[in-house]
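The values are calculated or read from the model by the stated rules, or taken from the named source; none is laboratory data. Only a predicted model underlies this, so the values are computations on that prediction, with no experimental measurement involved. No Cβ is skipped: glycine too gets one built from the backbone with ideal geometry, and neighbour counts run over all protein chains shown.
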Amino acid sequence: MAQQEKIQDLKLRLSEFMTRIEELEPEETSVEDIDRLILMLEELEQKMN
């Protein structure tokens, strides 16, 4: 994947991550929801390397 494509992919994934965080309702958030968010962050981190 070219550098520019990689950057665009990371931007898209980060945007999706931020959207999910903004949509969370603290009273209704489960441990599984948090685990999914952590997994998303780990995937972003792997893409950066």
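Restricting to region 13-36, and then to whatever is at pLDDT 90 or above and of a type in the set (A, V, I, L, M), can you tell me which residue is surrounded by the fewest Cβ atoms within 10 Å (Cβ to Cβ)? So the residue we want is 31. Here's a check for you: in region 39-49, which residue that is of a type in the set (A, V, I, L, M, F, W, C) and surrounded by 10 or more Cβ atoms within 10 Å (Cβ to Cβ) is farthest from residue 14 (Cα to Cα)? Looking at the filtered set, the residue picked out is 39.
Of all residues in region 10-33, those that are within 11 Å of the chain's Cα centre (by Cα) and not small (Gly, Ala, Ser) total 11.
Scan region 28-48 and tell me whether some residue there is assigned to a helix (DSSP H, G or I) and touching a residue at least 40 places away in the same chain (Cβ under 8 Å). Yes; the residues of region 28-48 include at least one that is assigned to a helix (DSSP H, G or I) and touching a residue at least 40 places away in the same chain (Cβ under 8 Å).
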